[in-house]
Amino acid sequence: VIGGLPWIEPLLARCLQAQQSHALLLHGPQGVGQFELALSLAEAWLCEDAPVGSPSTPGCGVCTSCHLIRARSHPDLLVLLPEFFQDSLGWGSGAAEVLDAATDKPNKAKKSKEIKVEAVRAVVAFSQTTSARGRAKVVVLHPVEQLNHISANALLKTLEEPPGVARLLLSCSCAPDHLLPTIRSRCQAVSMALPPTEMAAVWLQQQGVEDAQILLAASGGQPQEVLAWIEQGLTAALWVQLPQLVQQGDVQALAAWPLPRLIDALQKLCHDAACVAVGAPSRYFPAGLLKPGPDLPTLMQWMRELNRCARHAEHPWNAALMLAALVQQGQHALQMGALLPASMQPRSVDSFSP
Ligand SMILES: [Zn+2]
């Protein structure tokens with residue numbers, strides 16, 4: 001499969017064998033390969049080694065069509081991907097056929113995430129032309145949650161009745177019910193789950209990631225997220241130090257992370273501290289790293305504050321002030337426990353009402 005993600009192979013096979021609608025919505029947690037599954041489906045549909053019609057096997061990888069896709073120059077494939085996501089998905093930089101979704105970006109330094117209406121109009125025009133190589137016309141649109149209301153509306157008619165042999169692959173990293181119902185209802189949904197841990201860890205090791213197990217747990221089991229986070233400065237050493245850094249109120253070591261990453265990391269720390277406080281295993285941090293003791297209501301207070309900040313993490317906060325405040329709260333929450341007598345029994349989750 002394209003992208004070499006072994007865990008999407010069974011799903012690819014199931015998608016190809018099932019009778020598929022002309023528009024699929026591939027959804028699942030961030031970083032499990034929605035984009036790669038979409039490309040692999042496109043390759044299968046356009047592959048010239050398969051019988052014409054509805055191919056039931058993955059692309060052969062060697063025919064002219066498969067070569068054109070991998071060279072990013074297939075005339076019947078349109079990949080619509082905002083600039084922001086192009087590098088991380090390895091599908092940007094110089095690929096002429098990639099339609100830049102942000103056609104009117106005024107500031108080149110700030111890469112756009114949005115899919116603008118001009119780009120959707122190009123999709124509509126593309127799907128109305130005849131197939132150059134006679135198999136199909138395929139549009140891959142990622143991530144569909146970046147359609148705004150205007151661009152979503154521009155897509156509706158094509159989504160409902162794609163002209164001729166056009167097929168659309170929409171992918172997203174959110175729950176389908178976060179999308180406009182008008183988009184959702186016109187697509188057949190394909191749900192993607194987290195990959196098996198062992199398979200994901202081996203894949204990460206093959207990408208040159210050390211301590212893959214620790215980082216995979218840190219990401220919540222989302223292997224492509226691990227790679228993205230490493231780019232932003234995550235290491236296993238830093239991750240296992242994180243509880244101590246927060247407890248010491250050390251803001252400096254974390255200042256390089258983008259604010260949404262930092263809030264995510266603190267939410268995971270808070271989650272695990274609460275788990276350990278009630279005797280449950282931690283999920284994101286290695287077992288034994290967090291000690292029982294922190295006061296559960298104080299942790300929950302911190303969690304509420306983190307959740308509130310997470311909802312607004314993309315806002316132009318003063319990141320340094322925000323970071324200091326969040327770490328200080330965490331320091332307070334984690335140190336509360338250190339002062340408790342060891343004999344004190346942790347409260348159960350049931351006794352806490354949010
Ligand atoms: Zn082929």
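Worth pointing out:
- Residue in region 297-308 that is modelled with pLDDT under 90, surrounded by fewer than 15 Cβ atoms within 10 Å (Cβ to Cβ) and not aliphatic (A, V, I, L, M) present: yes
- Counting only residues that are under 22 Å from the mean Cα position of the chain (by Cα), assigned to a loop (DSSP other than H, G, I, E, B) and at pLDDT 80 or above, region 75-118 holds 5 of them.
- Scanning region 18-66 for residues that are more than 26 Å from the chain's Cα centre (by Cα) and away from the ligand (no atom under 11 Å from the Cβ) yields GLN19, PRO51, VAL52, GLY53, SER54, SER56.
- Matching residues in region 281-296 - criterion: being surrounded by fewer than 19 Cβ atoms within 10 Å (Cβ to Cβ) and either within 23 Å of the chain's Cα centre (by Cα) or touching a residue at least 12 places away in the same chain (Cβ under 8 Å) (or both): ARG283, PRO286, LEU289, LYS291, PRO292
- Candidate set from region 67-87 (those that are charged (D, E, K, R) and without any contact (Cβ under 8 Å) to a residue 40 or more places away in the chain); member that is farthest from the ligand (Cβ to nearest atom): GLU83
- Of all residues in region 120-155, those being among the hydrophobic types (A, V, I, L, M, F, W, C), assigned to a helix (DSSP H, G or I) and within 22 Å of PRO181 (Cβ to Cβ) number 8.
For (1) surrounded by fewer than 23 Cβ atoms within 10 Å (Cβ to Cβ); (2) not hydrophobic (A, V, I, L, M, F, W, C), each residue gets a yes or a no:
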{"position": "PRO6", "(1), (2)": "yes, yes"}
{"position": "GLU9", "(1), (2)": "yes, yes"}
{"position": "PHE35", "(1), (2)": "no, no"}
{"position": "SER40", "(1), (2)": "no, yes"}
{"position": "PRO55", "(1), (2)": "yes, yes"}
{"position": "PRO58", "(1), (2)": "yes, yes"}
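- When LEU169 is tested against (1) assigned to a helix (DSSP H, G or I); (2) modelled with pLDDT of 95 or more; (3) of a type in the set (A, V, I, L, M), only condition (1) is not met.
- Restricting region 203-226 to residues that are in contact with a helix residue (DSSP H, G or I) (Cβ under 8 Å, 6 or more places away or on another chain) and free of Cβ contacts under 8 Å to residues at least 24 places away in the same chain, the residue that is farthest from PHE285 (Cα to Cα) is GLN207.
The values are calculated or read from the model by the stated rules, or taken from the named source; none is laboratory data. Predicted model only: the values in this text are computed from it and were never measured. Note that each Cβ is placed from the backbone with ideal geometry, even for glycine, and that neighbours are counted across all protein chains shown.
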